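The values are calculated or read from the model by the stated rules, or taken from the named source; none is laboratory data. Treat the numbers as computed from the prediction; the structure is a model and nothing was measured. Here the Cβ positions follow ideal geometry from the backbone for every residue, glycine too, while neighbour counts run over all protein chains shown.
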Amino acid sequence: MSIIVLISLLKVTSALKGYDCTGISLNISTFSLSDVADCETPDLQPVNNTVFIQLLQASDYNMMKVLQCRTVPVWDPDIMIALATLGTTTSSQPQRRLPYATIMPLSNNQILLKSETTCILNEEHCINANGSESYWFAIPTDSCNFSEYDVLYEEPAVKLTSAVPTEGPTLFVVTSRDVTFTPTRTSDFALCKYTLVCTEHPKLLIMETLPDRTFPNPRHQ
């Protein structure tokens with residue numbers, strides 16, 4: 001009698017074993033077939049709207065204009081003749097100003113010059129390794145750090161949301177001849193009075209706005 005009871009219990013429960021062939025370890029899942037629910041899901045179409053966005057990138061560096069002053073010797077034929085005739089002569093060496101752009105790390109108070117010389121940013125003056133002098137004006141800082149963001153894209157985009165507000169992701173779709181990207185919203189980030197949308201890429205953010213209300217003091221790439 002005990003054997004018959006055991007067989008009847010085995011018939012009540014069914015199981016399906018599945019093997020994951022992509023991994024090196026065994027992966028077994030058990031599914032109950034005794035009470036199968038309705039698997040049909042409603043066909044919900046996403047809601048799409050055209051919005052104006054700015055795709056921002058949080059940067060680790062900033063660009064700054066540097067003025068380098070260098071003393072250059074002048075080989076004047078008249079000076080050389082006077083030197084050979086009289087034995088002595090005097091002349092002044094003119095200075096040449098060479099403006100160029102350099103990078104400035106945002107994480108510290110330093111600036112990297114073209115000569116690979118590292119200087120203190122707030123001092124606005126530095127002596128290069130080659131003896132020339134460099135000058136610059138420090139960028140004014142603000143509490144919102146707007147200068148730390150680059151604008152990569154500034155055009156309309158298609159915003160896709162779920163028909164059920166609490167379900168499904170929010171995507172911003174841009175497809176054109178030159179640019180194609182589809183970032184997904186993960187959370188929101190408040191920057192002063194602006195609301196930025198965080199994406200799956202840590203340094204890429206989106207601001208949904210209007211053409212006449214763009215991000216203040218942007219750096220366009």
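A count restricted to the range 158-184 and to residues that are assigned to a strand (DSSP E or B) and more than 19 Å from the chain's Cα centre (by Cα) stands at 5.
Taken together, Asn145, Asn128 contain a single residue that is surrounded by 10 or more Cβ atoms within 10 Å (Cβ to Cβ) and on the phi > 0 side of the Ramachandran plot, which is Asn145.
Say whether the condition of being at pLDDT below 65 and assigned to a strand (DSSP E or B) is met by at least one residue in the range 104-123. Looking for residues that are at pLDDT below 65 and assigned to a strand (DSSP E or B), one finds at least one in the range 104-123, hence yes. If you go through the range 185-221 and keep only what is of a type in the set (Asp, Glu) and not in a strand (DSSP E or B), you end up with Glu200, Asp212.
The rows are residues; the columns are (1) in contact with a Leu (Cβ under 9 Å, 6 or more places away or on another chain); (2) of a type in the set (D, E, K, R); (3) more than 29 Å from Leu67 (Cβ to Cβ); (4) modelled with pLDDT under 85.
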residue	(1), (2), (3), (4)
Ala138	yes, no, no, yes
Ser147	yes, no, no, yes
Val151	yes, no, no, no
Val164	yes, no, yes, yes
Pro169	yes, no, yes, no
Thr175	no, no, yes, no
Thr186	no, no, yes, no
Tyr194	no, no, yes, no
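Of the candidates Ser143, Ser134, Ser147, the single residue that is small (Gly, Ala, Ser) and within 19 Å of the chain's Cα centre (by Cα) is Ser147.
From the list Leu160, Leu204, Leu171, the one residue that fits, being aliphatic (A, V, I, L, M), over 28 Å from Leu44 (Cα atoms) and buried (at least 16 other Cβ atoms within 10 Å of the Cβ), is Leu204.
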